[in-house]
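Trainee: Quick one: the structure is below, questions incoming.
The values are calculated or read from the model by the stated rules, or taken from the named source; none is laboratory data. As the structure is a computational prediction, the values presented were derived from the model and not from experiment. Cβ coordinates were reconstructed from backbone atoms using ideal geometry, including for glycine residues, and neighbour counts include every protein chain displayed.
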């Protein structure tokens, strides 16, 4: 086998998501399995170059994982002709500028979302990448999770008949940081730093709905800040200026209606941190990150509303678990593999910067809907 080494600049991997999911469970996992087979006797060997602002944190991370290359000078890394791919998992406010510099330097780019703080910036990045002829991809990890892969299998197989509605519940209690440390960084709750649950989660909902059920054609949302004060990483109180909960209704091409609640101020009474219920004329399903249960039309019970007697049905027991039928890899790693094959084996790939711009557009229009108190159409965008 011929081994091809590809050097990947990874910016923002000292953060939780960049470290755990992208560095450890994706790039280093590819190295542990011996690289990525491209076919034709070639194995791709990813060589990460860790980039960030804190030299000590980068050095500690490199030592922990036995890596050699770190830098706090992004421009120097982008000027290095041996670095072919730039990956970004920074805070949202820093991402757009870094991606633009990487594209101008001729690097292929792969990035977390949102790709920019506004639609104009997101579209400008997509157009720049097209004009520069670089390959580009945006992380859309939810559709690579086992639960949603099972759900897509049901959609593609016609299990639901005509899909009527999608209901999503996402969220958990993020501690305020006073007597227990918060599970998320404080910038998430400052609008001036690009924070907010709409900016964070609505790009996810855009691609989940788009890929599985149809393009979002309108949005009506209510965004709010339930907890106006939080405590930062140093234990100092600060005003939470960004939304920490949002309640959205989405019309989809084809006629289905989706409702998704997103909150960092909710206590979980679900099997998983996110669940989607899909109801159709022939059957229904409830999918989480890993599991998926179904109830077909032929086995649907016939409950009768009677508040004066105990419930006569154990409703959860009347659903059937969808079998795995395959081995599911880490969703982030699975998409990394597809992107690398796109760059180095010319494999098809459509989760690009234009797809990322659709997510930014939906978040932007949702915030506008909330501010104006009305439903807003979501026009199609193109380069």
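Trainee: So residue 350 clears everything in (1) outside the structural domain of residue 283 (by TED's automatic domain parsing); (2) in a helix (DSSP H, G or I); (3) without any contact (Cβ under 8 Å) to a residue 60 or more places away in the chain except one condition, right? Which one?
Mentor: (2)
Trainee: Taking the condition of being loosely packed, with under 13 Cβ neighbours inside 10 Å and closer than 23 Å to residue 340 by Cα, how many residues in segment 50-74 meet it?
Mentor: Looking only at that region, the number is 2.
Trainee: Let me ask something else about it. Do we have any residue at all in segment 53-73 that's in a strand (DSSP E or B) and either without any contact (Cβ under 8 Å) to a residue 60 or more places away in the chain or in the same structural domain as residue 337 (by TED's automatic domain parsing) (or both)? I'd like the intermediate steps shown before the answer.
Mentor: Taking segment 53-73 first, the residues in a strand (DSSP E or B) are 70-71.
Subsequent filtering for residues that are either without any contact (Cβ under 8 Å) to a residue 60 or more places away in the chain or in the same structural domain as residue 337 (by TED's automatic domain parsing) (or both) retains 70-71.
Looking through segment 53-73, at least one residue is in a strand (DSSP E or B) and either without any contact (Cβ under 8 Å) to a residue 60 or more places away in the chain or in the same structural domain as residue 337 (by TED's automatic domain parsing) (or both).
Trainee: Does residue 41 meet the test of being in the same structural domain as residue 88 (by TED's automatic domain parsing) and at pLDDT below 95?
Mentor: On the way: in the same structural domain as residue 88 (by TED's automatic domain parsing): yes; at pLDDT below 95: yes.
Spelling it out, residue 41 is indeed in the same structural domain as residue 88 (by TED's automatic domain parsing) and at pLDDT below 95.
Trainee: In this structure, is residue 214 at positive phi, at pLDDT 95 or above, outside any helix (DSSP H, G or I) and more than 18 Å from the chain's Cα centre (by Cα)?
Mentor: Details: at positive phi: yes; at pLDDT 95 or above: yes; outside any helix (DSSP H, G or I): yes; more than 18 Å from the chain's Cα centre (by Cα): no.
Spelling it out, it is not the case that residue 214 is at positive phi, at pLDDT 95 or above, outside any helix (DSSP H, G or I) and more than 18 Å from the chain's Cα centre (by Cα).
Trainee: Given the criterion touching a strand residue (DSSP E or B) at 6+ places or on another chain (Cβ under 6 Å), surrounded by 20 or more Cβ atoms within 10 Å (Cβ to Cβ) and either assigned to a strand (DSSP E or B) or at pLDDT 95 or above (or both), identify the matching residue among 202, 250. Steps first, answer last, please.
Mentor: Working: 202 fails: touching a strand residue (DSSP E or B) at 6+ places or on another chain (Cβ under 6 Å).
Going through 202, 250 in turn, the sole match is 250.
Trainee: While we're here: Only one of (1) modelled with pLDDT under 95; (2) in a strand (DSSP E or B) is not met by residue 49, so which one is it?
Mentor: (1)
Trainee: What's the total number of residues in segment 258-281 that are in a strand (DSSP E or B) and surrounded by 16 or more Cβ atoms within 10 Å (Cβ to Cβ)? Before you say what the answer is, go through the steps one by one.
Mentor: Of the residues in segment 258-281, the ones in a strand (DSSP E or B) are 258-263, 274-280.
Retained after the next criterion (residues that are surrounded by 16 or more Cβ atoms within 10 Å (Cβ to Cβ)): 258, 260, 262-263, 274-276, 278-280.
The total comes to 10.
Trainee: Report those strands (runs of 3 or more DSSP E) wholly inside segment 100-195 carrying at least 2 residues which are modelled with pLDDT of 95 or more and more than 30 Å from residue 342 (Cβ to Cβ). Even if it seems obvious, please write down each step before you answer.
Mentor: Working: elements: 108-111, 136-138, 163-171.
Filter on segment 100-195 gives 163-171.
Trainee: Check off (1) modelled with pLDDT under 95; (2) in contact with a strand residue (DSSP E or B) (Cβ under 9 Å, 6 or more places away or on another chain) for residue 92 and give me the number that stays unchecked.
Mentor: With respect to (1) modelled with pLDDT under 95; (2) in contact with a strand residue (DSSP E or B) (Cβ under 9 Å, 6 or more places away or on another chain), residue 92 is out only on (2).
Trainee: Related question: Can you pull out the residues in segment 70-80 that are in contact with a helix residue (DSSP H, G or I) (Cβ under 8 Å, 6 or more places away or on another chain) and more than 18 Å from residue 108 (Cβ to Cβ)? Walk me through how you get there before you give the answer.
Mentor: We begin by selecting, within segment 70-80, every residue in contact with a helix residue (DSSP H, G or I) (Cβ under 8 Å, 6 or more places away or on another chain); these are 70-72, 74-75, 78.
Those that are in contact with a helix residue (DSSP H, G or I) (Cβ under 8 Å, 6 or more places away or on another chain) and more than 18 Å from residue 108 (Cβ to Cβ): 70, 71, 72.
Trainee: Within segment 81-95, how many residues turn out to be touching a helix residue (DSSP H, G or I) at 6+ places or on another chain (Cβ under 7 Å) and under 21 Å from residue 119 (Cβ atoms)?
Mentor: The qualifying residues number 5.
Trainee: Looking only at segment 309-330, filter to residues that are surrounded by fewer than 10 Cβ atoms within 10 Å (Cβ to Cβ) and in contact with a helix residue (DSSP H, G or I) (Cβ under 9 Å, 6 or more places away or on another chain); which one of those is modelled with the highest pLDDT?
Mentor: 323
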